[in-house]
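The values are calculated or read from the model by the stated rules, or taken from the named source; none is laboratory data. The structure presented is a predicted model; accordingly, all values stated were derived computationally and were not measured. So basically every Cβ, Gly included, is an ideal-geometry build from the backbone, and we count neighbours across all protein chains shown. Please note that ligands, DNA and RNA were not included when accessible areas were found on the heavy atoms of the full protein model with its side chains. Shrake-Rupley method; radii C 1.70, N 1.55, O 1.52, S 1.80 Å.
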Amino acid sequence: IYLYIKCGFFFFVIDGLTAFRAFLKSEFSEENIEFWLACEDYKNTKSSAKLSSKAKTIYEEYFEKDAPKEVNIDHETRKITKNNLLNPSLSCFDLAQNQIYTLMEKDSYSRFLKSSIYQEL
């Protein structure tokens with residue numbers, strides 16, 4: 001959540017993210033922001049040797065059937081993402097990440113702005 005305030009911007013962003021996570025947790029959908037953040041971390045991987053293991057970890061945590069934090073994406077996106085893992089690149093999760101971002105933006109975020117969690121920021 002990026003609200004541009006000159007003084008204390010960094011802390012407000014962190015507080016906003018924490019609040020949004022708390023809201024998603026209250027809706028039993030915190031896996032969405034966790035997946036999105038995992039993708040951002042993945043895209044910052046400097047070592048190509050680590051890409052494969054990080055990609056596998058993300059896939060196992062968010063995509064496999066009965067994954068502990070399985071995200072709700074369509075079958076085609078799931079299939080494309082799985083195929084992308086055959087040759088991991090920094091963009092192999094982009095389609096799924098964009099789908100989850102859109103879901104949060106159009107669904108969760110509007111409810112978050114009306115929530116008491118947001119109002120108390």
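In table form, for the structure just shown:
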{"read-out": "In segment 42-58, residue most open to solvent (accessible area, probe 1.4 Å) [restricted to those that are among the hydroxyl-bearing types (Ser, Thr, Tyr) and touching a helix residue (DSSP H, G or I) at 6+ places or on another chain (Cβ under 7 Å)]", "value": "Thr45"}
{"read-out": "Filter result for Glu61 (modelled with pLDDT of 95 or more, acidic (Asp, Glu) and more than 22 Å from Asn87 (Cα to Cα))", "value": "no"}
{"read-out": "Residue ID - surrounded by the fewest Cβ atoms within 10 Å (Cβ to Cβ), chosen from residues in segment 75-121 that are under 22 Å from Lys65 (Cα atoms) and among the aliphatic types (A, V, I, L, M)", "value": "Leu86"}
{"read-out": "Unmet requirement for Ser48, which otherwise passes all of (1) modelled with pLDDT of 95 or more; (2) over 20 Å from Glu30 (Cβ atoms)", "value": "(1)"}
{"read-out": "Unique match (being at pLDDT below 95, assigned to a helix (DSSP H, G or I) and exposed (fewer than 12 other Cβ atoms within 10 Å of the Cβ)) among Phe23, Phe11", "value": "Phe11"}
{"read-out": "Cross-chain or 6+ apart pairs with Cβ under 6 Å, segment 56-84 first and closer than 21 Å to Met104 by Cβ and of a type in the set (A, V, I, L, M, F, W, C), then open to solvent by less than 50 Å² (accessible area, probe 1.4 Å) and not in a loop (DSSP other than H, G, I, E, B)", "value": "Ile58/Ala38; Val71/Glu31; Val71/Phe35; Val71/Tyr62; Val71/Ile100; Ile73/Ala96"}
